[in-house]
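Okay, structure first, notes after.
The values are calculated or read from the model by the stated rules, or taken from the named source; none is laboratory data. Everything quoted here is computed from the prediction, not taken from an experiment. All Cβ positions, glycine included, derive from the backbone under ideal geometry; neighbour counts span all protein chains shown. In case anyone asks, the SASA skips ligands and DNA or RNA and just uses the protein heavy atoms, side chains included. Shrake-Rupley method; radii C 1.70, N 1.55, O 1.52, S 1.80 Å.
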Amino acid sequence: MTEPVLERLLADEIQTARLGEDLALALRVGDVLALKGDLGAGKSTLARALIRTLADDAGLDVPSPTFTLVQSYDTRIPVHHFDLYRLSSARELDELGFEEALTQGAALLEWPERAEGELPKTTVLIELVQHGEGRLARLSGQGAAFDRAARSLAMRGFLESAGWGEAHRRHFIGDASARSYEIVTLAGREQVLMNSPRLVLGPPVRDGKPYAVIAHTAQSVSAFVAIDRALKAGGVSVPEILAEDLDQGFLLLEHLGRQGFLGKEGEPVAARYATAAELLAMMHGKSWPRRLEAAPNRFHDVPPFDRDAMMIEADLLVDWYVPAISGGPASDDLRTGYTREWNALFDRLQGSEYTLMLRDFHSPNIIWRGHRSGHDRLGIVDFQDALIGPSAYDVASLAMDARVTISPEIEKQTLDAYVAARHAEGAFDEESFLEAYAIMAAQRNSKILGIFVRLEKRDGKPYYLRHLPRIRDYLRRAMSHPALASLRDFYDTHGLLEERTL
């Protein structure tokens, strides 16, 4: 099968460096980029720009590895720069620690023809040749690394169409999904570039449907665009969309600011949580349409947080957490009892208030803008998975923040601020809300126990396990509500809340 090929005309060294920047944003551990070209073709310029982008240091010294044969850089993605010109045999590649380098980071190779036959089939080849006054870059390869490189070049094309083609790109943040974000800078202005490829549905897990379909996870960037516009119209500070390509999944967004929601030491600030609770109260006092326009003749129907979605999320505890603490799959009896207890609680939600539910309303997705006033002090991001569900869910997400320890005192102050704001707006069933809050807090934190174990077991991200004691504490708090007494007994019986090290 013929390998796909991409070609780019590079008029000068600036454009050559820009290609290095684009490739750096696509790089992952295990990738191999092979640079081929005559002396003076621009290999060093491209390599230097790539490494400086990964280091986020435009002045980083990047010497040629001609004499050392390999230079290693402890950058965001560790990168090892090889010069193979002096190799007498491709087998000498092992002596340079090539395979070990790929377990720790990515490899950038010059003179790759000296290692012909020894490079992975997934190597991306970048060939630079003179073309008039400039150069022609020809990229070829196969597999995920080439696909990522191609997508990064498409993102540069998107920026060009938006008038930001000369912007500098730097990694900003990635989340647990395939989405990623960059900071793009042009003439001193900063914006956010969102890369949101269409969701790849996994295998069927229940009733012939993939998990994402049952849990109503957003499948395209259209959901973000539609919800963003609805929230902005409703008085919520969300990023302005400056340019969009819904088919490719690219957005150029307003940069809402750099100050996080937490204090200087990463601690929760009670007043900020209260302010966020008051924003939720304002939102929950509104009526939100369920069909939202993303573009002319392109709509997003906000899904319901129905019983199936609630249950498959809660089941993550049984699917991942239980095997981690017990050493084996959950028994049929445990699964049956677990489902019975949760269905009884979901029945109790039928009279609860339902509204637009952002789903991940917690500190990582809130930007603090203290120089502003009112609700505008909060910039909200990451809401594409919003549903129509119990209003109590987002309050529980905030007051029991999964990423930071919220004391019972701050949790109560957050709840009190929300309840007071709702009463101030008119009739509000506080008793029904507090019961729904406890149920949703227990459901969400049960889900998170499973997710954090899954991130360690399946995705190789062990640092999430440090959050487990906090999540278990949140579950105990939620289950102190009388409506959850039976669920609490069930969790206690099966040791689901015991402190343990995984």
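The helices (runs of 4 or more DSSP H) found entirely in segment 261-328 that carry 3 or more residues being charged (D, E, K, R) and buried (at least 16 other Cβ atoms within 10 Å of the Cβ) are 307-316. The conditions of being at pLDDT below 95, in contact with an Asp or Glu (Cβ under 7 Å, 6 or more places away or on another chain) and among the aromatic types (Phe, Trp, Tyr) are met by PHE172.
Determine, yes or no, whether ALA47 is assigned to a helix (DSSP H, G or I), open to solvent by less than 40 Å² (accessible area, probe 1.4 Å) and more than 14 Å from ARG28 (Cα to Cα). Lay out the reasoning, then the answer.
Details: assigned to a helix (DSSP H, G or I): yes; open to solvent by less than 40 Å² (accessible area, probe 1.4 Å): yes; more than 14 Å from ARG28 (Cα to Cα): yes.
Criteria met by ALA47.
Residues of segment 1-25 being of a type in the set (Asp, Glu), touching a Ser or Thr at 6+ places or on another chain (Cβ under 8 Å) and open to solvent by 30 Å² or more (accessible area, probe 1.4 Å), which ones?
Kept after step one, since they are of a type in the set (Asp, Glu), are these residues of segment 1-25: 3, 7, 12-13, 21-22.
In the following step, the residues that additionally are touching a Ser or Thr at 6+ places or on another chain (Cβ under 8 Å) were identified as 3, 13, 21-22.
GLU3, GLU13, listed by residue number.
Per-residue answers, yes or no, for (1) modelled with pLDDT of 95 or more; (2) not in a loop (DSSP other than H, G, I, E, B):
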| position | (1), (2) |
| --- | --- |
| LEU334 | yes, yes |
| ASP347 | yes, yes |
| GLN350 | no, yes |
| ILE388 | yes, yes |
| ASP401 | yes, no |
| THR414 | yes, yes |
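Checked against (1) open to solvent by less than 60 Å² (accessible area, probe 1.4 Å); (2) touching a Leu at 6+ places or on another chain (Cβ under 7 Å); (3) of a type outside the set (Val, Ile, Thr), ALA55 meets all criteria but (2).
Scoring LYS121 on the criteria (1) open to solvent by 30 Å² or more (accessible area, probe 1.4 Å); (2) in contact with a strand residue (DSSP E or B) (Cβ under 8 Å, 6 or more places away or on another chain) leaves a single failure, condition (2).
The residues on offer are GLU456, GLU435, and the sole one that is touching a residue at least 24 places away in the same chain (Cβ under 8 Å), touching a Leu at 6+ places or on another chain (Cβ under 8 Å), acidic (Asp, Glu) and open to solvent by 10 Å² or more (accessible area, probe 1.4 Å) is GLU456. Within segment 1-25, the set of residues being polar (S, T, N, Q) and part of a helix (DSSP H, G or I) comprises GLN15, THR16.
Please work out which residue is farthest from PHE172 (Cα to Cα), limiting yourself to segment 69-98 and to residues that are open to solvent by 50 Å² or more (accessible area, probe 1.4 Å) and modelled with pLDDT under 90.
Going through segment 69-98, the residues open to solvent by 50 Å² or more (accessible area, probe 1.4 Å) turn out to be 72, 74, 76, 85-86, 88, 91-92, 94-95.
Those left that are additionally modelled with pLDDT under 90: 85-86, 88, 91-92, 94-95.
Details: TYR85: 35, ARG86: 38, SER88: 41, ARG91: 39, GLU92: 38, ASP94: 34, GLU95: 36 Å.
Among those that are open to solvent by 50 Å² or more (accessible area, probe 1.4 Å) and modelled with pLDDT under 90, it is SER88.
There is at least one residue in segment 26-43 that is assigned to a strand (DSSP E or B), in contact (Cβ under 8 Å) with a residue 24 or more places away in the chain and open to solvent by 30 Å² or more (accessible area, probe 1.4 Å). When you check VAL225 against the structure, is it of a type in the set (A, V, I, L, M, F, W, C) and at pLDDT below 95, yes or no? Considered against the rule, which asks whether it is of a type in the set (A, V, I, L, M, F, W, C) and at pLDDT below 95, VAL225 comes out as no. Residues in segment 408-423 that are open to solvent by 10 Å² or more (accessible area, probe 1.4 Å) and either farther than 18 Å from ASN445 by Cβ or without any contact (Cβ under 8 Å) to a residue 24 or more places away in the chain (or both): GLU409, LYS412, GLN413, ASP416, ALA417, VAL419, ALA420, ALA421, ARG422, HIS423. Can you list the strands (runs of 3 or more DSSP E) lying wholly within segment 170-211 that have 2 or more residues being open to solvent by 60 Å² or more (accessible area, probe 1.4 Å), out of contact with any Cys (no Cβ under 9 Å at 6 or more places or on another chain) and touching a residue at least 24 places away in the same chain (Cβ under 8 Å)? Because the criterion is at least 2 residues that are open to solvent by 60 Å² or more (accessible area, probe 1.4 Å), out of contact with any Cys (no Cβ under 9 Å at 6 or more places or on another chain) and touching a residue at least 24 places away in the same chain (Cβ under 8 Å), the strands (runs of 3 or more DSSP E) in segment 170-211 that meet it are 204-206.
The set of residues in segment 50-75 that are farther than 20 Å from ALA167 by Cα and not in a strand (DSSP E or B) comprises ASP61, VAL62, PRO63, SER64, PRO65, THR66, PHE67, THR68, LEU69, ASP74, THR75.
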